Structure formats: structure tokens, C-alpha cells
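Each remark here refers to the structure printed beneath this line.
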Amino acid sequence: MFKPEKLIFDGKRIDGRTLDQLRPIKIEVDFLKRADGSCYLEMGKNRVVAAVYGPREAYPRHIQDPTKAVIRYRYNMAPFSVEERKRPGPDRRSVEISKVSKEAFEAVIMKELFPRSVIDIFVEVLQADAGSRTACINAASVALVDAGIPMKGMLTSVAVAKVDGVLVLDPMKEEDNFGEADIPFAFLIRGDRIESIALLQMDGRMTKEEIKEAIKLAKKGAMEIYQMQREAIMKKFLEEGENG
Amino acid sequence: MRKIVLPGDFLSNNTKLASYGTYVEGERVYAKILGLLEETDNSIKVIPLKGKYTPSVGDTVIGIVNEISANGWNLDINSPYQAFLPASENPETKPGKKLNEVLDMGDSVITKVVNIDPRMKVTVTMREKICRAIRFGRIVAINPARIPRVIGKKGSMIKLIKNELEVQIVVGQNGLIWLNGDRKKISIAEEVIYLIEEEAHTEGLTDRVAEFIRRRKNVQT
């Protein structure tokens with residue numbers, strides 16, 4: 001990929017979006033029949049599938065926790081998901097993403113209702129285009145709801161980047177590669193309100209003021225995504241009601 | 001049509017109303033699962049649309065033997081937890097008779113949940129009228145969240161099927177249903193149950209089921 005001369009031109013980004021505009025999102029609930037809950041999600045050029053199994057009996061036995069459920073989260077990229085073939089299997093990056101995402105979900109799932117069991121969350125990236133971890137969290141969140149797992153609310157995730165000295169919402173590949181900073185967020189949304197931040201990572205540099213601004217921008221984006229997640233689930237279950 | 005709610009949806013300020021499928025935090029009631037909202041004067045509950053079966057004391061469950069130990073049987077009850085049936089809780093146990101001669105691997109039994117300890121160790125019994133080992137008939141498996149619809153209000157749906165088709169039915173809360181009787185009639189009953197599962201959250205289901213049974217019976221005679 002070559003570096004474009006300017007990433008922001010006339011208040012517009014290279015793909016024609018405004019600074020606070022999300023990439024187009026498509027969500028399909030109950031995508032896999034075998035899983036207890038599943039979701040296929042497109043966020044710009046990102047394409048991810050999430051599958052949730054459980055709560056089910058935890059094996060091997062030693063991972064069981066007699067007071068609460070154990071959550072396993074696996075983020076994995078397909079070898080063909082990026083331009084240059086990605087060596088299959090877990091690597092440093094995917095292990096880290098799995099860990100932070102798991103910890104974000106531990107804050108929302110009511111684990112104490114299912115002692116000695118395990119909830120498995122699998123997310124596969126089929127095509128990556130910056131912010132794949134945010135797409136994965138959004139997909140996993142919908143899949144968990146679809147699986148009927150008790151949760152305090154829903155997780156919605158979006159990133160904010162600093163490009164050419166200005167903040168942009170939901171960066172795509174070029175902005176991620178040539179920008180100055182990138183912050184993925186995940187918010188716990190309950191009763192149409194953002195309750196807390198469940199995940200925050202940062203890569204690059206930003207000033208205190210910029211971070212405050214970034215949080216504001218991310219919250220706005222997250223609410224939009226949340227509405228789309230809701231609609232997708234509602235649509236699925238309303239349809240089921242009508243066909244019957 | 002009842003409203004669909006998602007986890008985290010705000011339901012009420014009155015914490016006294018909080019019931020199944022909800023949780024209370026800071027004087028506010030929220031939904032904790034995906035389901036249909038049911039509001040009455042003295043409770044707010046969420047009827048689940050999906051999810052695994054979690055055992056509770058007094059439930060009738062159908063289990064399949066998957067392990068025989070020295071003093072009882074482990075049963076798979078289609079839930080995150082296994083159930084334990086102690087040898088003493090099975091009236092067929094006799095001194096000198098080996099446990100695997102009473103119930104062998106893969107056998108199914110109708111049992112009742114008697115105890116659940118805080119670590120979710122589930123104990124079941126067969127010392128109840130309804131309980132028995134299943135040696136004939138058919139077991140149908142459906143989504144456990146749809147079981148209340150198969151039973152219907154005060155058992156109306158199950159009564160309808162029993163009367164119309166003259167079959168014996170035992171509904172396990174864990175999503176397994178035992179059917180017994182004339183083979184052709186069992187087949188109709190099985191279809192009826194799948195129909196209920198498919199259309200669980202629609203209005204006027206009982207009438208449609210009655211109509212469906214009538215139509216199917218006419219085809220066969």
C-alpha cells in the first residue's frame with residue numbers, strides 16, 4: 001500500500017466519509033445453525049463471524065470455577081483475511097485481542113448464574129480492514145444475546161483514530177496504517193445509555209484534550225451501532241413470529 | 001403481540017415487580033435476557049426465547065444415562081449440568097442386582113429434581129408417581145425455552161393433544177418430551193410439538209394446533 005499524500009481533504013476522508021461517519025454495517029443474526037447463538041457482521045470491508053456455545057460443562061475439569069462460569073474468547077484471523085497470507089494459528093496479536101475482549105465480556109455476562117460451566121465465544125475474521133477487533137466484539141455481543149445468555153447490557157465497540165492531526169471515527173485501513181494514533185473502545189450500553197467503558201486500548205500518541213474528544217466521538221458512533229445491533233436482533237425474532 | 005426486550009433494557013422503577021429474566025440495580029429493573037416482556041399488576045417478567053435449560057427443584061426432567069458409578073447413575077439432562085440419580089432413589093434397585101442391569105448406558109428415564117447444591121450438583125429421584133424408566137415410546141427434543149408453550153396455560157395445550165390424539169405424554173422441563181401410544185398418533189403428536197416449537201410466540205396457537213390435528217387425522221382415516 002502506498003501512502004496517500006493527504007488522508008483528509010476538504011473535511012472529507014479518502015473514502016468520502018465525513019470525520020464522524022461510520023462505515024456501512026450489515027448484521028445477520030443466527031447465521032450458523034449448529035451454534036447456540038451466532039452472528040455475521042460486516043463493518044466496511046471487515047467481515048466477521050461470531051459463534052457462541054454454552055453455558056456448557058467445562059472440560060478439562062481443572063478450568064471449572066465452582067462459583068461462576070468461565071468465559072473463553074477466541075479471536076482468529078483466516079489466512080486469506082489480509083493481503084499477505086497470514087500464518088494460520090494464534091500469534092502474539094490474536095492472543096492479546098482475545099484476552100482483552102474476554103475481559104470486556106466478563107464485565108457484562110452474568111457469570112455467577114452458571115457455576116462450573118463454560119461459555120465459549122469464537123470469532124473468525126474472514127476479511128480484515130482495520131478495527132477488526134471492534135467488529136468482532138459487536139458480532140460476539142449480538143451472538144451472545146441470540147444464545148439467550150443473561151447479561152447486564154450489550155457491548156458495542158468502535159475505534160477513533162487521529163489522522164493528519166484530526167480525530168476520525170471508525171478508521172479504515174489507510175487511516176490506521178498512516179495515522180498518528182488509534183483507540184479502540186468498547187462500551188457497556190444499558191437502557192439506551194452508555195454505562196461504562198469495557199475496553200480501551202491505544203496505539204500512538206494523543207493529548208488529554210484529544211482523548212476526551214475521542215471518547216465523545218466514540219460514544220456517538222457506539223450509539224449508532226447499538227441501534228443497528230438492536231434492529232438486527234428484533235428483525236430476526238419478529239420475522240420468526242410472523243412466519244408462524 | 002408482546003414486546004421483545006434485549007438484555008439491559010430498562011423495564012421499571014418499581015423493584016418489587018422484578019421477576020424471572022430481570023435484574024435489579026440501583027432501584028431500577030432491567031431485562032437480563034432476550035425474550036418477550038410480560039407485564040402484570042404484580043410482576044414484570046421476561047419469557048426467554050432461547051437459552052439452555054437450568055435445573056430447578058421440582059422440575060420433571062428426562063435424562064439419558066451416560067455414566068454408571070458404584071452408587072448410582074449420571075444422567076445427561078440437556079443442560080450445562082449433569083444430574084445424579086442415587087441407586088437408593090430408584091425403586092427398581094434390589095440387593096444383588098447390578099446397577100447396569102437396572103439401568104444401562106443410553107437408557108432414558110423420567111425423573112424429578114429433588115436437590116441442587118450451590119455448586120450446581122443436581123440430584124434427581126424416581127420415587128414419584130410420574131417417574132419411570134423409558135423402555136418404549138418416543139422422545140422428542142425441542143428448545144427448552146419453548147416448553148411452557150407446549151404445556152400451555154394451566155396445561156391447556158397438553159390436554160388438547162392428549163384428548164385429541166389419545167397418546168400418553170410426559171413433558172420434561174429440559175426440552176425432552178416422551179410420547180407413547182399408537183404409532184400413527186405419536187407421529188402426529190410429534191409434528192404438533194415441532195409446530196408449537198416453531199410458532200411458540202404467536203397468538204392463537206391453541207386454535208391453530210386444534211385445526212392442525214383435525215386436518216392430520218382426516219388425512220389418515
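The values are calculated or read from the model by the stated rules, or taken from the named source; none is laboratory data. On a predicted model such as this, the values are computed, not experimentally measured, just so you know. Glycine gets a Cβ as well: all are built from the backbone with ideal geometry, and neighbour counts include every protein chain shown. What goes into the accessible areas is simple: the full protein's heavy atoms, side chains included, and nothing from ligands, DNA or RNA. Shrake-Rupley method; radii C 1.70, N 1.55, O 1.52, S 1.80 Å.
Between a residue in segment B:200-213 that is in contact (Cβ under 8 Å) with a residue 24 or more places away in the chain and under 21 Å from B:Gly35 (Cα atoms) and any residue that is basic (Lys, Arg) and open to solvent by 10 Å² or more (accessible area, probe 1.4 Å), which pairs come within a Cβ distance under 7 Å, given they are 6 or more apart or on different chains?
B:Ala200/B:Arg146; B:Ala200/B:Arg149; B:Leu205/B:Arg149
Report those strands (runs of 3 or more DSSP E) wholly inside segment B:96-157 carrying at least 2 residues which are closer than 19 Å to B:Val57 by Cα and open to solvent by less than 40 Å² (accessible area, probe 1.4 Å).
Qualifying strands (runs of 3 or more DSSP E): B:108-116, B:122-125.
For segment B:72-95: of the residues being in contact (Cβ under 8 Å) with a residue 40 or more places away in the chain and open to solvent by 10 Å² or more (accessible area, probe 1.4 Å), which is farthest from B:Asn143 (Cα to Cα)?
Across segment B:72-95, the extreme among qualifying residues is B:Glu92.
Which residue is nearest to the other protein chains (Cβ to nearest Cβ), if the candidates are limited to segment A:193-235 and must be open to solvent by 40 Å² or more (accessible area, probe 1.4 Å) and among the basic types (Lys, Arg)?
A:Arg193
Closer than 13 Å to B:Gly137 by Cα and assigned to a helix (DSSP H, G or I): is that true of B:Ile186 in this structure?
When the stated conditions are applied, B:Ile186 passes them.
Could you identify the single residue in A:Ile97, A:Ile121 that is of a type outside the set (S, T, N, Q), under 14 Å from the mean Cα position of the chain (by Cα), over 23 Å from B:Gly8 (Cβ atoms) and modelled with pLDDT of 95 or more?
Of A:Ile97, A:Ile121, the one residue that is of a type outside the set (S, T, N, Q), under 14 Å from the mean Cα position of the chain (by Cα), over 23 Å from B:Gly8 (Cβ atoms) and modelled with pLDDT of 95 or more is A:Ile97.
To keep it simple, each residue is scored yes or no on (1) at pLDDT below 95; (2) surrounded by fewer than 18 Cβ atoms within 10 Å (Cβ to Cβ).
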| residue | (1), (2) |
| --- | --- |
| B:Asn14 | yes, yes |
| B:Leu36 | yes, no |
| B:Lys45 | yes, no |
| B:Lys52 | yes, no |
| B:Val61 | no, no |
| B:Glu67 | yes, yes |
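Across segment B:12-38, which residue is nearest to the other protein chains (Cβ to nearest Cβ) among those that are over 20 Å from A:Val29 (Cα atoms) and touching a helix residue (DSSP H, G or I) at 6+ places or on another chain (Cβ under 8 Å)?
B:Arg28
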